[in-house]
Amino acid sequence: MKKLLLVALLSTLTACGSEDVFDNDDKDDKLKTISSVSFSATPSDINSPIYNFSSVYTVNDVEQSTDDMTFNWSVSLEGEGQVTSLYPEQAPQYEFKEASTYKVKLTVENHTGEALAQFSKNLTISAEDIATQPLSPRAIIGITDRATTVYTFNSDSSSYSEGSLSQIDWVIEGQELSGPQVTHSFSKTGQHIVHLKVTAEDNTQATTATTVYVVDEITTPTAKLNYTKDKLVVSFDASESSNQSSDISSYNWDFGNGESATGITASATYPSEGPYNVVLTVASKEGVTNTKTETINVYEEGSYVTCDVLTSSSWLYKKTDERQCFSTSPITSRAAAESWCGARIQQYIDDLSFPRIKPTLTWQVRQQGNNEC
């Protein structure tokens, strides 16, 4: 059985001090300042994957006020690097999801972002810990809206099966915010970590973090479409479309059959077989648009492919050289038919007993017998 207090270790760092202005010997002496941070990790219960972390920052053995300090915690896994960044407070909580050895790192910074002290320690979570999973809330960050440097975040998907959430806290660029939805204007561009902590009525907690990349210029969105076919019915999905400076505000579809639709997903029923040009147009919140065109081939049923081999041989050889190949199973796309016919014509060339002028190839999709040449 584990002891509740797993580790309480002290890491000592030496930093440059300030000049001793009261020294009259004209020597440029420095006062040595010893700064340190102590760190402890305590499971919330025996064999629990939920751990409470705490720390104390001291200078010359005097505990310092935390008012002007930021405690940045991170959890890393060997081979994968940083798993997550914990909620930046003096005593955060974290629930481990898998049995493994993790490195927990703490960096104490002042209000200007200067690192005052660092500490890291390996922490082993056993299978027994994971097997005794306690009930805890779920913290999930959503983005309601964004336009260049202004983001609105929400905790709408956060929940707790044992009750309601009583407190929702955020830390963004060092600013502390509260509420299920918060808006923040980033002071600079680049990568930022957004932290969320939810607290339930029974005081159980959950934290999470997400990384956003902020830009201050209007960008052109990228339109991307995927589709699946079921005979003449095609389902479209534009969820992989993206934009850096803001959300995509609209998705417009032209199915190439005279019909159109809007929305991140859509479907179309085509009147007959054949190729159709589908056009997706996306627009960003700033009104910048971009399009993606995709040619799709639809078939009511899979068809057997006839591969007609024609040559420019003399009349003496033409009759014996020309032949037809028939697929043994239905083929449902033009690309697949071309690939199949290409393999057949190469087989035909390899089988020639003496050099021939390379035969030309024609093919068409139609129902045929199950004969293979």
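The values are calculated or read from the model by the stated rules, or taken from the named source; none is laboratory data. Predicted model only: the values in this text are computed from it and were never measured. We place every Cβ from the backbone using ideal geometry, glycine too, and count neighbours over all the protein chains shown. Side chains are part of the model used for accessible areas, which takes the heavy atoms of the whole protein and leaves out ligands, DNA and RNA. Shrake-Rupley method; radii C 1.70, N 1.55, O 1.52, S 1.80 Å.
Give me, ordered by chain and number, the residues 5 or more places off VAL214 or on other chains with an amide H under 5 Å from its own placed amide H.
Sorted by chain and number, the residues that satisfy this are GLY190, GLN191, HIS192.
Which residues' amide hydrogens lie under 5 Å from the amide hydrogen of SER158, considering only partners 5 or more residues apart or on another chain, with H built in the peptide plane?
Here the answer is ILE140, since their amide H atoms fall under 5 Å of that of SER158.
At a 1.4 Å probe radius, carbon and sulfur cover how many percent of the accessible area of segment 52-185?
Accessible surface attributable to carbon and sulfur in segment 52-185 totals 43 percent.
Give me the net charge for the shell around GLN133: Cβ to Cβ below 10 angstrom, other residues only, Lys and Arg +1, Asp and Glu -1.
Charge balance near GLN133 sits at -1.
Return the sequence-ordered ³J(HN,Hα) values of segment 271-285 in whole Hz as given by the Karplus equation 6.51 cos²θ - 1.76 cosθ + 1.60 applied to θ = phi - 60°, using x for Gly and Pro.
Result, ordered by residue: x, 7, 5, x, x, 9, 8, 9, 10, 9, 10, 10, 10, 7, 4 Hz.
Exactly which trypsin sites (Lys or Arg not before Pro) in segment 176-248 are in a DSSP loop and have at most 10 other Cβ atoms within 10 Å?
LYS188
Considering only Cα-Cα distances, which of the following residue pairs are longer than 21 Å: LYS103/LYS188; LYS224/LYS285; LYS188/LYS224?
LYS103/LYS188; LYS188/LYS224
Could you check the spin-label model distance between LYS229 and GLU286? Points 7 Å from the Cα along Cα→Cβ, value in nm.
Using points 7 Å along Cα→Cβ, the separation is 3.8 nm.
Take the alpha carbon gyration tensor of segment 30-118, find the square roots of its eigenvalues, order them as a ≥ b ≥ c, and report rounded if a/c is under 1.5; if not, report prolate when a/b exceeds b/c, else oblate.
It is prolate, given that a/c is not under 1.5 and a/b is the larger ratio.
Per-residue accessible area for VAL198 at 1.4 Å probe radius, Å² rounded to 10?
My reading of the accessible area for VAL198 is about 0 Å².
Amide H of VAL298: which non-local residues (sequence gap of 5 or more, or other chain) have their own amide H closer than 5 Å, using H built in the peptide plane?
Here the answer is GLY274, TYR276, since their amide H atoms fall under 5 Å of that of VAL298.
If I compute solvent accessible area with a 1.4 Å probe over the protein chains, what percent of it on segment 216-270 is carbon and sulfur?
Roughly 42 percent of what the probe reaches on segment 216-270 is carbon or sulfur.
What is the distance, in nm, between label points placed 7 Å from the Cα along the Cα-to-Cβ direction at THR210 and at THR149?
About 2.2 nm separates the two model spin labels.
What FRET efficiency comes out for the pair SER161/GLN346, r = Cβ-Cβ distance, R0 = 51 Å, nearest 0.05?
0.25
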